[in-house]
Amino acid sequence: MDDLVALLKRELGDAAVLTGDDVSARATSYWDAAPMQAKAIVRPGTTDEVASVLKHCYERNQPVVTHGGLTGCVQGAQSDGGDIVISMERMNQIEDIDTVAHTLTVQAGAVLESVQNDVAAEGMFLPLDLGARGSCTIGGNVATNAGGINVIRYGMARALVLGLEAVLPDGTVLSSMNKMLKNNAGFDLKQLFIGTEGALGIVTRVVLRLQPQATTRNTALAALPNFAAIPALLNHLKSTVGASLSAFEAMWGNYFAGVTEDGWHKAPMGREHSHYILFECDGSDPARDNERFMEVVEQAFEKGIIEDAVIPKSEAERSALWAIRDDFEAIVSVKPVFLYDVSLPITSMEAYVADVEALLAKLLPTAKIYTLGHIGDGNLHFFVQAHTDDAEARELSDRAIYEPLANYEGSVSAEHGIGFEKKEWLSQSRSAAEIAVMQQLKNTFDPKHLLNSGVVVD
Ligand code: ZN
């Protein structure tokens with residue numbers, strides 16, 4: 001056995017260090033069923049153990065890859081046989097829920113959904129939510145500045161982080177577990193670890209802002225006649241129930257029809273509409289909120305913005321509507337399939353999607369495209385099913401998505417990050433000066449390039 005692996009087993013205990021079949025029994029990621037590759041998976045239980053592992057790796061020039069829930073979409077946690085993986089899975093405890101100051105102190109390996117539930121049990125609300133909630137971890141959410149479905153109201157993960165603790169590649173523990181909304185005492189160092197994809201350090205603990213739990217929730221799935229009705233509906237909702245609007249999820253007709261094919265989700269309304277919007281309002285006034293919501297939906301009908309709407313009458317019905325948005329197994333089970341995550345102003349979206357469809361039809365005529373997005377945030381997702389095993393399919397599909405984006409000053413990543421997958425496209429969204437500063441930061445924090453090496457920038 002490798003000397004370092006033997007040392008880590010002695011220090012952390014055999015159960016904390018997996019090798020051989022215990023490594024390959026794991027899948028590479030949620031998106032890739034191939035066996036995981038790594039020299040060992042080390043599972044520290046404390047920040048001090050993370051620091052000790054990193055220090056040993058640093059002294060021996062050992063590359064390290066950090067693992068959270070492995071739901072990331074851009075190969076940001078991909079390891080090879082020469083890497084030591086540090087999995088945060090054992091650091092999964094909630095340390096404190098402060099219902100007076102509205103803060104949550106939690107370890108990085110805690111799974112988002114279980115944290116949401118524990119916070120709810122205390123009468124509070126964690127306004128971070130995304131489809132991967134059942135597997136993704138708080139540390140991964142912070143390291144990737146996760147977005148998701150509540151961004152329209154509460155902002156991305158960054159907006160919720162008050163403080164954090166991270167371990168630098170050489171084993172230095174940097175603890176900035178601030179709990180205040182205001183703290184201008186020098187540089188705000190936590191920002192260096194939010195959205196930097198684990199390239200500068202390993203996030204071990206986090207302080208997040210909480211909100212009071214809503215007492216009313218109103219949901220609707222609406223069918224729209226065309227794209228122009230999307231911003232019209234969004235602006236109608238903003239100007240009526242604005243502050244309580246917590247989700248506004250758009251599905252193009254191709255996506256809605258795709259996930260409601262026979263044998264998949266049951267379509268709660270006709271499948272022939274141009275676009276569908278799933279929107280939700282959370283409020284605190286049971287006497288008025290429900291009635292107001294119905295009024296606002298009624299007005300949207302009268303204005304011709306929506307053609308049909310379904311309003312769930314139970315939590316089960318609501319979950320079934322959300323499953324149409326969150327569970328796209330019907331689409332991703334047809335391999336090979338490529339997932340995209342771009343952002344651009346809503347005013348350019350219709351033209352951009354038309355450009356993408358036209359270029360894809362030209363470059364990869366066998367492909368089928370499915371479109372959805374967090375429209376209020378300017379964020380679009382595409383699934384492209386290749387329907388060919390042509391080795392160049394991925395490259396052609398990438399071109400169809402990214403090349404038209406340049407004309408609209410969009411971003412090649414809205415919320416998924418860069419990882420390895422989008423590195424070659426980073427320069428389309430960031431200037432040479434911006435990329436040079438990213439490289440300087442990497443060289444400063446990780447001069448040996450041992451931590452998540454090659455992710456985002458070289
Ligand atoms: Zn998304």
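Readers should treat all values here as calculations from the given coordinates under stated rules, not as data from a laboratory. No experiment lies behind these values; they were computed from the predicted model shown. Ideal geometry is used to build each Cβ from the backbone, glycine not excepted, and the neighbour counts take in all protein chains shown.
Couple of notes before you dig in:
- Set of lysines near LYS448 by C-alpha distance (under 21 Å), chain-local residues within fewer than 8 positions excluded: LYS39, LYS55, LYS423
- Only the Cβ atoms of Lys and Arg (+1) and of Asp and Glu (-1) were treated as charged; on that basis the dipole of the chain about its Cα centre amounts to roughly 700 debye.
- Cα long-axis angle, helix 393-405 against the chain (0 to 90 degrees, to the nearest 10): 70 degrees
- In this simple spin-label model, placing a label point 7 Å from the Cα along the Cα-to-Cβ direction at both GLU261 and SER427 gives a separation of 3.9 nm.
- Using alpha-carbon coordinates, inclination of helix 112-121 to the longest axis of the chain, degrees: 70 degrees
- Distance from the C-alpha centroid of segment 332-370 to that of segment 168-213: 36 Å, rounded to the whole angstrom.
- Electrostatic dipole magnitude of segment 18-126 [Cβ: Lys, Arg +1; Asp, Glu -1; Cα centre; debye, to 20]: 380 debye
- Burial ranking of peptide ranges 241-252, 3-14 (average Cβ count within 10 Å, highest at the top): 241-252, 3-14
- Value of relative contact order over segment 319-458, rounded to a whole percent, pairs C-alpha under 8 Å and six or more apart: 25 percent
- Vicinal HN-Hα couplings computed from phi for segment 71-84 (Karplus, 6.51 cos²θ - 1.76 cosθ + 1.60; Hz; Gly/Pro x): 9, x, 9, 10, 6, x, 10, 6, 10, 10, x, x, 8, 9
- Candidate lysines for bridging to LYS238, where Cα separation is under 29 Å - those fewer than 8 sequence places away on the same chain excluded: LYS182, LYS303, LYS313
- Positive dipole terminus of segment 52-117, leading residue within THR103, ALA77, LEU54 (C-beta point charges): LEU54
- Extension gain (nm, one decimal) between GLU350 and LEU441, 0.36 nm per residue minus Cα-Cα: 29.0 nm
- Inter-label distance for LYS448 and ASP2, nm, one decimal - labels placed 7 Å from Cα along Cα-to-Cβ: 1.3 nm
- At R0 = 30 Å, FRET efficiency that the Cβ-Cβ distance of GLN213 and SER274 yields, to 0.05: 0.25
- Spin-label model, GLU11 to ALA323: label points 7 Å out along the Cα-to-beta-carbon direction sit 4.7 nm apart.
- Distance between segment 36-100 and segment 434-458 - C-alpha centres, whole angstrom: 18 Å
- Length gained on full extension, ALA27 to ALA243, computed as 0.36 nm times the residue gap minus the Cα-Cα distance: 73.6 nm.
- Over the chain, volume per residue of the alpha carbon convex hull, in Å³: 154 Å³
- Given charges at beta-carbon only (K, R positive; D, E negative), |dipole| of segment 269-367 in Debye: 380 debye
- Of the residues CYS281, MET294, TYR352, the one whose Cα sits farthest toward the positive end of the charge dipole of segment 258-362, with +1 on the Cβ of Lys and Arg and -1 on the Cβ of Asp and Glu, is TYR352.
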